[in-house]
Amino acid sequence: MIRIFRHYISTAYLWLLFAEALVFYSAMYIGAAVRFLYTASWYSQSELASAAIVFAMVMTGSCSALGLYRKTLDKEEYNILQRISVSFAVAVFILAFTYYIIPELMLARSVLISAILFSFAGLLLTRYLFYRFVNLENLKRRVLVIGCGERAGELSVVNSSYVYKGFEIVGYITLEDEPVAVPHAIALNDKIRLSDIVEAANVDEIVIAVDDRRKKLPVEELLDIKMSGVQIMDLQTFYEREQRLVFLAALSPSWLMFSDGFVNNGMRPIVKRSFDIIASLLLLAVSWWLMLLTALAIYIESGFGAPVFYRQKRVGYRDSPFDVIKFRSMRVDAEKNGAQWASQSDDRVTKVGKFIRKYRIDELPQLLNVLKGDMSFVGPRPERPEFVKGFEETIPYYKERHRVKPGITGWAQLCYPYGASEFDTRQKLQYDLYYVKNYSLFLDLTIMLSTVEVILWGKGAR
């Protein structure tokens, strides 16, 4: 793992991205060579290089947007052929638009088709080699866990569903009088020393995962092991790195105070506000026709007397209320009995509403909230005051998500499906706190790119 602007990136998938970008770049040259049967082509080296760079950037960006470099891609979401096919379709659309704007970058259609075919074959081969070798046991980080209680036991499933598993737990160390909730816990004594276990198991990292922080740790041995090159981290840092969240069960005021991040000063607000305005204006410029068609569809379905837009009170930056604007996706009398969660098969949702919710079209009017300054393009999902009041009383640190402006899209929306209960809200809060802690322009751009996957797959829509 490496950190880029405090956001954790998998080095394995980063190398995969570079390898496939090279495949895409080379595919344009191979396509040109095949098209002209290895004779002198019509194009100069500079023209081929420019076309190859644009082709590689578009193809890599499209694959990234469809989640093909996402470490947390699990077995249920894998669908590798489907994801590759959709990413290629998106890339072809973007390339066609690019060539229309800048025709000088366009090579012969036969060259482009050849490059796409070679890219597809090269991508499949690269993926086959990647998934065959990256999960070899000797390439995984070997993790030793100090603790054998419930929190230690939960670590065994942290990456169990992922296609790529970056670490392997080699053992658990039990402390004095600690309840055991894991199999084969090892107790330290005069004959069994921690340093011996680390050496015998070839441990790369040690994670401190005790349920009771008052338990006495073998501090001197841990210090010696640390100085010998083995990384030692607390449970919170481990979860932040592996799952990109702030683990709520282990969160404490002291960790919030002394951890890095949670910075919202200097040029950050100015940069973020500038980014919001530019991104919103660009999206409005390309989606105005879709918004017009959506308004017309709502009128036709509900009658010309029914409202197209839906305004609702939400809680924003530093608990300040504002009215969010969305396309109306429910019946006009949807909340005659008061505020309530949207369910999976909610009969209040109209036919048009079901479609625009699935593809997030109902969110587009929120661009006006962004331009006004009530919202940001990226941030935690704004919630209703009726729900927020209850959450702040029952969920610790819920108030901290309001340290940044709410957003149209966000880290929690990408990483967790639609929440319709207090349990879901707790889970999503962990991702919201990660964003509040580590937000940057780089993370915002990453989230915006990944939102394409959410829209095309209809993830979490209700």
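In segment 373-401, the residues that are of a type in the set (Lys, Arg) form Cβ pairs under 7 Å with partners that are open to solvent by 20 Å² or more (accessible area, probe 1.4 Å) and in a helix (DSSP H, G or I), at six or more places apart or across chains, as follows: 381/413; 399/392.
Can you tell me which residue in segment 168-179 is farthest from residue 230 (Cα to Cα), limited to those that are in a loop (DSSP other than H, G, I, E, B) and open to solvent by less than 50 Å² (accessible area, probe 1.4 Å)? Among those residues, the one meeting the criterion is 178. Looking for something surrounded by fewer than 17 Cβ atoms within 10 Å (Cβ to Cβ) and of a type in the set (A, V, I, L, M, F, W, C) - is there at least one such residue anywhere in segment 157-167? Yes, there is a match, as at least one residue in segment 157-167 is surrounded by fewer than 17 Cβ atoms within 10 Å (Cβ to Cβ) and of a type in the set (A, V, I, L, M, F, W, C). Please indicate, with yes or no, whether at least one residue in segment 255-263 is over 17 Å from residue 178 (Cβ atoms), in contact with a Phe, Trp or Tyr (Cβ under 6 Å, 6 or more places away or on another chain) and among the hydrophobic types (A, V, I, L, M, F, W, C). For segment 255-263, residues over 17 Å from residue 178 (Cβ atoms), in contact with a Phe, Trp or Tyr (Cβ under 6 Å, 6 or more places away or on another chain) and among the hydrophobic types (A, V, I, L, M, F, W, C): absent. Sort out for me the strands (runs of 3 or more DSSP E) sitting completely within segment 225-335 that have 2 or more residues that are open to solvent by 20 Å² or more (accessible area, probe 1.4 Å) and more than 30 Å from residue 144 (Cβ to Cβ). In segment 225-335, 309-315, 321-327 are the strands (runs of 3 or more DSSP E) which contain 2 or more residues that are open to solvent by 20 Å² or more (accessible area, probe 1.4 Å) and more than 30 Å from residue 144 (Cβ to Cβ). In this structure, is residue 407 of a type outside the set (Phe, Trp, Tyr) and buried (at least 18 other Cβ atoms within 10 Å of the Cβ)? In short, yes. Only one of the listed residues (85, 62, 119) is assigned to a helix (DSSP H, G or I), open to solvent by 20 Å² or more (accessible area, probe 1.4 Å) and either among the small types (Gly, Ala, Ser) or in contact with a Gly (Cβ under 7 Å, 6 or more places away or on another chain) (or both). That residue is 85.
Take residue 422 and tell me if it is modelled with pLDDT under 95, more than 18 Å from residue 287 (Cβ to Cβ), touching a helix residue (DSSP H, G or I) at 6+ places or on another chain (Cβ under 8 Å) and open to solvent by 40 Å² or more (accessible area, probe 1.4 Å). Considered against the rule, which asks whether it is modelled with pLDDT under 95, more than 18 Å from residue 287 (Cβ to Cβ), touching a helix residue (DSSP H, G or I) at 6+ places or on another chain (Cβ under 8 Å) and open to solvent by 40 Å² or more (accessible area, probe 1.4 Å), residue 422 comes out as yes. Within segment 346-364, restricting attention to residues that are among the acidic types (Asp, Glu) and farther than 18 Å from residue 452 by Cβ, the residue that is modelled with the lowest pLDDT is 346. Restricting attention to segment 122-167, which residues are more than 30 Å from residue 30 (Cβ to Cβ), of a type in the set (D, E, K, R) and part of a helix (DSSP H, G or I)? Within segment 122-167, 137, 150, 151, 154 qualify. Of all residues in segment 179-208, those that are under 12 Å from residue 169 (Cα atoms) have Cβ atoms under 8 Å from Cβ atoms of residues that are of a type outside the set (D, E, K, R) and open to solvent by 60 Å² or more (accessible area, probe 1.4 Å), 6 or more apart or on another chain, in 182/156; 204/231; 205/231; 206/231. Inspect all residues belonging to segment 180-198 and state whether any of them is assigned to a loop (DSSP other than H, G, I, E, B) and acidic (Asp, Glu). The answer is yes, given that some residue of segment 180-198 is assigned to a loop (DSSP other than H, G, I, E, B) and acidic (Asp, Glu). Candidates are the residues of segment 26-39 that are part of a helix (DSSP H, G or I) and open to solvent by 70 Å² or more (accessible area, probe 1.4 Å); the one that is modelled with the lowest pLDDT is 35. Would you pick out the residues in segment 437-457 that are out of contact with any Leu (no Cβ under 8 Å at 6 or more places or on another chain) and either open to solvent by 10 Å² or more (accessible area, probe 1.4 Å) or aromatic (Phe, Trp, Tyr) (or both)? Matches in segment 437-457: 439, 440, 441, 442, 445, 446, 448, 449, 455, 457.
For segment 260-280, the count of residues that are more than 30 Å from residue 437 (Cβ to Cβ), free of Cβ contacts under 8 Å to residues at least 24 places away in the same chain and out of contact with any Pro (no Cβ under 8 Å at 6 or more places or on another chain) is zero. Taken as a whole, the condition of being surrounded by 18 or more Cβ atoms within 10 Å (Cβ to Cβ), modelled with pLDDT of 90 or more and either touching a helix residue (DSSP H, G or I) at 6+ places or on another chain (Cβ under 9 Å) or farther than 30 Å from residue 80 by Cβ (or both) applies to residue 430.
The values are calculated or read from the model by the stated rules, or taken from the named source; none is laboratory data. The model shown is predicted, which means the values in this text are computed figures rather than measured ones. Note that each Cβ is placed from the backbone with ideal geometry, even for glycine, and that neighbours are counted across all protein chains shown. Note: areas computed on protein heavy atoms with side chains; ligands, DNA, RNA excluded. Shrake-Rupley method; radii C 1.70, N 1.55, O 1.52, S 1.80 Å.
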